[in-house]
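S.K.: I am attaching a structure below and will ask some questions about it afterwards.
Derivation of every value follows stated rules applied to the coordinates shown; laboratory data play no part. All values reported here derive from a predicted model rather than from experimental measurement. Here the Cβ is made from the backbone with ideal geometry for all residues, glycine too, and neighbour counts use every protein chain on show.
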Amino acid sequence: MKTFVKVICVVLVLVIFAAMAIGSGSKKGTENDTAVNNTKDTIPSGNKTDTKEDTKKETQQPKEEYEVGNGRAVIYTSSIGTTWVQVSIPVKNTGSVDLYMSSCSVDLVEDDGHLFESLSLVSVYPQVIKPGETAWYYEETTLDNVPSGNLKVQPHVNAKKATVDCVRYEVSEVEVTNDKYSGIKITGWVENATSEEASLPYVVVFMYDANDELIGQAFTIISDGLKPGDKKGFSMSTFSSYDQFIAENVKRVEYYSYPTQYQFN
Amino acid sequence: MIQRHSFVFWFLNITVPLLIGLFLYVVFRPDTIISNAIYGLLQLTKPDIRANSSLLSEVIFFLRCYSCDMLWAYSLTFACSAIIGTSARQLAVTGIICFSFEILIELLQNYGVLTGVFDFLDIILEIISTLLAVLIIIIHKKIKLGTIV
């Protein structure tokens with residue numbers, strides 16, 4: 001009997017101490033949920049406490065953080081003499097929650113700080129990224145004037161915590177070949193292995209060179225959708241005249257397929 | 001008188017570490033559930049403790065991340081030992097229960113069952129705290145029995 005009482009008392013003590021352990025944890029879904037931080041800009045340099053905190057105890061709270069990588073603006077001239085710019089900006093989800101990305105504006109700035117061009121509604125692919133994944137803002141457009149030197153890319157990234165699901169469809173047997181006339185042709189299969197019909201699914205392919213630099217991107221939309229279990233072929237062509245953008249230079253491809261999703265809050 | 005002294009010894013060794021831990025949480029970890037509750041209850045503004053030197057930064061980091069866990073484990077060991085007893089066998093049982101519980105809590109944090117972050121160093125420091133508590137209990141017992149003057 002005495003032993004039984006002791007056991008009950010010890011269990012009670014353990015329960016009380018477990019409750020204390022829970023109480024000492026961070027409450028999920030508080031301040032950090034509302035703040036989207038560009039970690040490159042917001043991590044204070046030289047403050048060891050804060051830097052360690054980011055990687056240790058307090059990281060249990062869901063965090064919306066992303067890192068904007070080095071954007072690139074490649075200028076090239078088409079066969080008919082038009083000046084084009086290919087803009088690509090990687091954004092990596094460095095937080096612990098899915099991010100919903102939306103189109104943004106991108107400023108192209110000359111070496112002396114002069115604003116050369118401002119691009120609006122630059123699309124991002126894919127729209128929803130999981131922690132650790134990278135989305136790309138990508139645009140190819142014509143320029144009225146030719147810049148005298150290099151252009152620096154200054155994006156105004158739009159990212160927030162995703163309230164929509166991160167849905168992906170399976171892409172397989174992706175082949176990259178040179179198109180008959182110019183640019184690149186990409187073919188492959190996309191399969192909806194989910195239980196819901198895919199409405200206007202995107203298939204996007206990123207192509208990287210031997211240095212693992214993004215040299216081009218292509219996308220298509222399966223206009224008639226994908227029913228659960230459906231597997232459809234896709235074919236897309238790029239019309240880029242960027243001379244590095246040929247099938248022989250493509251050493252790695254990365255692809256996503258996902259539904260068109262909107263998040264208004 | 002001895003009994004009263006003994007009660008004070010056990011009571012203080014259980015409650016004081018918890019109160020110190022609570023104070024440290026309120027000052028250095030204002031984002032935790034318990035701190036949020038206290039700040040909300042007392043309508044206080046949360047402090048922003050930052051270090052100006054790297055040494056102070058390390059101290060604050062230790063206080064934030066590890067000291068409370070150590071105090072918690074120390075108090076737990078005393079609480080269990082107060083119930084189970086202080087013979088060699090009973091202290092061994094207390095140690096096993098405390099070690100297991102401390103590891104279990106960290107594992108539950110690792111798998112997301114409990115809030116908090118799994119940290120192997122936490123386990124090490126909690127085990128050290130438990131061993132320290134057991135050592136203090138043994139010394140206290142020996143003093144009480146007169147085998148240590």
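S.K.: Dipole of the range A:76-162, Cα-centred, from +1 at each Lys and Arg C-beta and -1 at each Asp and Glu C-beta, to the nearest 20 debye?
M.R.: I would put it at about 520 debye.
S.K.: May I ask you to sort B:Ser81, B:Ser35 by Cβ crowding, counting other Cβ atoms within 10 Å and putting the fewest first?
M.R.: B:Ser35, B:Ser81
S.K.: Need one value for B:75-85: mean number of C-beta atoms belonging to other chains within 10 Å of its residues' C-beta atoms.
M.R.: 4
S.K.: Magnitude of the Cβ-charge dipole of the range A:177-237, K/R +1 and D/E -1, about the Cα centre, nearest 20 debye?
M.R.: For this selection, approximately 260 debye.
S.K.: Moving to a separate point now. Tally Lys/Arg at +1 and Asp/Glu at -1 over every other residue whose Cβ is under 12 Å from the Cβ of B:Thr130; what's the total?
M.R.: It works out to a net charge of -3.
S.K.: Among residues other than A:Ala135 whose Cβ falls under 12 Å from its Cβ, what is the net charge (Lys/Arg +1, Asp/Glu -1)?
M.R.: Once positives and negatives cancel, what remains is -2.
S.K.: Suppose every K and R has +1 on its Cβ and every D and E has -1 on its Cβ; what is the size of the dipole of the range A:110-210 about the Cα centre, in Debye to the nearest 20?
M.R.: That gives the range A:110-210 a dipole magnitude of about 260 debye.
S.K.: If you add up the charges near A:Asn192, with Lys and Arg at +1 and Asp and Glu at -1, over every other residue whose beta carbon is less than 9 angstrom from its beta carbon, what do you get?
M.R.: -2
S.K.: If you don't mind, there's one more thing I want to ask. In this model, which of A:Lys130/A:Lys232; A:Lys152/A:Lys251; A:Lys92/A:Lys231; A:Lys92/A:Lys227; A:Lys92/A:Lys130 are farther than 19 Å apart at the alpha-carbon?
M.R.: Correct reply: A:Lys130/A:Lys232; A:Lys152/A:Lys251; A:Lys92/A:Lys231; A:Lys92/A:Lys227.
S.K.: Please arrange B:Thr32, A:Thr3, B:Thr86 by how many other C-beta atoms lie within 10 Å of their C-beta, fewest to most.
M.R.: By the 10 Å Cβ count, ascending: A:Thr3, B:Thr86, B:Thr32.
S.K.: How do A:Phe4, A:Phe245 rank when sorted from fewest to most other Cβ atoms within 10 Å of their own Cβ?
M.R.: Starting with the residue having the fewest Cβ neighbours, the order is A:Phe4, A:Phe245.
S.K.: Taking each residue of B:115-121 in turn, how many C-beta atoms of other protein chains fall within 10 Å of its C-beta, and what is the average?
M.R.: 4
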